[in-house]
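The values are calculated or read from the model by the stated rules, or taken from the named source; none is laboratory data. Nothing here was measured: the structure is a model prediction, and the numbers come from that model. Cβ coordinates were reconstructed from backbone atoms using ideal geometry, including for glycine residues, and neighbour counts include every protein chain displayed.
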């Protein structure tokens, strides 16, 4: 917020400017001190002061952050908090808004955690490329945990509810205390060597960082990385992270979530199977209907040999009838033309001309005489009448 030196600010504007300046200038940081004046409001938010021998600062931790802590703060407790420095505008109070809180004295453990995390990360043990997919339908599930752990009961109950027929093999081991890390690693190696299971759950319930520390040991991380069986880590609560979580093929937020991850929900699968069966039945029914319809079409085209002969005979009769009709019409046309030609020939027939009183005259050589210039007086001629003929001698030429 830009501030004009000549402008008079309201208190609200002043506090807002100070808040922006502080929040912009100070990042999230860890602060150590003693809790005093602790108040847990009805809303679930916590208000208290954090002090040392020389100073104190007001603190607030809202419910959506405080609900994940595994201990209850109290006056006089030394703690370390991850907080953002800010100003509460309404009162102008400088305060810390807390993101995380842990009992003081755990700094060395967190440093060891970060060192091992960096080391294994640099070696590639956390890389996604080396993560293996879990089997879709495991034949047997292995569990590495304590037989007395509440987490084991949660896992077994979840497995039984989701897929009751899947066998379970327990690889018992202490999950906290001295030497727990070595024993957990030995149980993981044993499961890997025996290869009795398709997937392995490494789990325990929630607790403090000290309680969960066995799962932050390098020996456990190495055993998980070397396992021939896919490993699911279900250690602590949702907000708890261990080295085992980063190395495992899958990190589950809780032991129950780990069990849910390794076996499918039987009810859900049965429902999916029922849906697939219905889809298959519908598809088969449609295919059968199509086949029956195709058969009907084929039957319509299929003709019995006797019927085919009958059809061919009927077609032959039809062709004959058409041919006979065509021939009759052609003959009739030809007869008509012949009659017409006969009439024309009759008109051209010489006998018809002679019948009307004309005669046909030939000379002695049989040549037609059509002019008087062709004959001489005394020449013999042959005359043909419509009926009969006569021989004459030319007596006079005109």
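Table: residues versus (1) over 51 Å from the mean Cα position of the chain (by Cα); (2) in a loop (DSSP other than H, G, I, E, B).
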site: 22; (1), (2): no, no
site: 32; (1), (2): yes, no
site: 36; (1), (2): yes, no
site: 44; (1), (2): no, yes
site: 49; (1), (2): yes, no
site: 54; (1), (2): yes, yes
site: 57; (1), (2): yes, no
site: 70; (1), (2): no, yes
site: 80; (1), (2): no, no
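Take the stretch 190-215 and flag every residue that is under 12 Å from residue 142 (Cα atoms) and either more than 38 Å from the chain's Cα centre (by Cα) or assigned to a helix (DSSP H, G or I) (or both). Across the stretch 190-215, the qualifying residues are 190, 191, 192, 194. Summed over the stretch 161-181, residues that are in a helix (DSSP H, G or I) and surrounded by fewer than 16 Cβ atoms within 10 Å (Cβ to Cβ) total 1.
Does the stretch 103-118 contain any residue that is surrounded by 12 or more Cβ atoms within 10 Å (Cβ to Cβ), at pLDDT below 95 and in a strand (DSSP E or B)? Yes, the stretch 103-118 contains at least one residue that is surrounded by 12 or more Cβ atoms within 10 Å (Cβ to Cβ), at pLDDT below 95 and in a strand (DSSP E or B). For the stretch 356-398, the set of residues classified as closer than 26 Å to residue 346 by Cα and part of a strand (DSSP E or B) consists of 360, 361, 362, 368, 382, 383, 384, 389, 390, listed by residue number. State which residue is modelled with the lowest pLDDT when the search covers only the stretch 240-268 and only residues that are in a loop (DSSP other than H, G, I, E, B) and within 30 Å of the chain's Cα centre (by Cα). By that ranking, first place goes to 265. For the stretch 202-213, which residues satisfy the criterion of being touching a residue at least 40 places away in the same chain (Cβ under 8 Å) and crowded, with 22+ Cβ neighbours inside 10 Å? Correct list: 202, 203, 204, 205. Just one of the numbered conditions (1) crowded, with 22+ Cβ neighbours inside 10 Å; (2) touching a strand residue (DSSP E or B) at 6+ places or on another chain (Cβ under 6 Å); (3) in contact (Cβ under 8 Å) with a residue 60 or more places away in the chain; (4) in a helix (DSSP H, G or I) is not true of residue 221: (2). If you check 228, 237 for being at pLDDT below 85 and closer than 19 Å to residue 143 by Cα, only one passes: 237. When residues in the stretch 182-191 are screened for being buried (at least 20 other Cβ atoms within 10 Å of the Cβ) and within 19 Å of residue 262 (Cβ to Cβ), 4 of them pass.
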